[in-house]
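Notes for the one structure printed next.
Coordinate-derived values only; no laboratory data. Note that the structure is a prediction, hence the values are computed from the model and not measured. Every residue, glycine among them, receives a Cβ derived from its backbone with ideal geometry; neighbour counts consider all protein chains shown.
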Amino acid sequence: MTVKQPDYIASLAPYVPGKPIETVAREYGLDPEKIVKLASNENPLGPPEKVTEVLREKIKDIHYYPDGGAYYLREKVASKFNLDPDWIIFGNGSCEIIEYCAKALLDYGEHSIFSEYSFAMYKIATLASNHGYKEIPAKDYRHDLDAFLKAIDDKTKIIYIANPNNPTSTMIKGEELDRFVEKVPDSVLIVLDEAYYEFVDNPDYPDSMKYIKDWRKDNVLILRTFSKIYGLAGLRVGYGFGNPDLIQKIEKVRSPFNLNLLAQEACIAALDCEDHVLKSKEHVKKEKACVVPEIEKMGLRVLAEEGNFIAVDTGKDVEEVFHNMQKKGVIVRPLKGGYNMPTWFRMSFGLREHDEMFLNALKEVLT
């Protein structure tokens, strides 16, 4: 007899990450050294040098279990953001905290709300915990917060909002988000996923910390990550801020030792590397100014509002473009599956030579 999987799991489409360089090299017979990956919003500058030094030093200790409560990292983050340590939760990437919210808070018959064209993990986390969802149609690839409010009913428990939004790069302004947070019932958790907040230049970007510090909103959880600006994607560390009572509710489903020893030490060191943060942000700003106009010259629509990535509409089946670009050694992220954007791909900025290679490949593929 074959072991049967529950229907709510069988119906799930697995999350598809950006394709690894090694896989493309094998599939197309290419030299891995001549392939550029711009598919996963990674930091092309890599991690801070101080982090690599700490990792070399601490590798000798990996026969020990890590600190299950991440005490020193928690203290460091708390000091940086002027919060008490019990206002902080850590995850194996912010994806894990997104899953924890669904596991810890959704009860039978309850559902989550999120936007069309938003991070795929919101749907996966909800369905994987055997609960329903409402996907709100976007307005020109932007969150329609008025429609969110209309969709809330007595079975709504969680609202996931990415700001800036992945993969469309669109941003919700402060005044708009303020009005929304004020109107959402206290019984509904608002998860503000701010994985790319360090890259934002717009002065109208919301100060989300005021919701928990000044407004004392017990139903707001703010998510951040070490993956993007700090260049630590491979170590998988996300963190969240919220009222201690909310944090304790979510902590009940946290896996033991979910942050490995090296990841904790690396993040402690990274928090001292503000120069790396500024350098990374400036690099993205410079590359965006070079790349976006060149794509627009090709007659393509580009969404390039905020973040270290952009979304590009090819006007044709993106899978064809995706595969042809791989043959030229350039990996982007097609948005056909999982995001229902059949002609779009997302690319994150690399080094100057990587982005030149991307532009040349795109021109050749489209012509």
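Here are a few things to note about the model shown:
- As computed over the range 1-155, the Cα convex hull volume per residue (Å³): 261 Å³
- By DSSP, the beta bridges lying fully in the chain are antiparallel in about 50 percent of cases.
- Spatially proximal lysines relative to residue 34 (Cα-Cα < 21 Å; intrachain offsets below 8 disregarded): 19, 327, 328, 363
- Measuring how big the chain is from its alpha-carbon positions, Rg and Dmax come out at 20.6, 60 Å.
- Total charge dipole magnitude, the chain, about the Cα centre, Cβ charges on Lys, Arg, Asp, Glu only, Debye to nearest 20: 580 debye
- The range 344-367 residues near the modelled residue 297 label - backbone nitrogen below 18 Å, point 7 Å along Cα→Cβ: 352-367
- Across all Cα atoms of the range 228-319, the radius of gyration (one decimal) and Dmax (whole number) stand at 18.9, 52 Å.
- For residue 183, the lysines whose Cα comes closer than 27 Å to its Cα, not counting residues fewer than 8 places off in the same chain, are 103, 123, 134, 139, 150, 155, 157, 173, 210, 213, 217, 249.
- Overall form of the range 263-367 per C-alpha gyration tensor (a/c, 1.5; a/b vs b/c): prolate
- C-alpha center-to-center spacing [the range 218-275, the range 123-182] in angstrom: 22 Å
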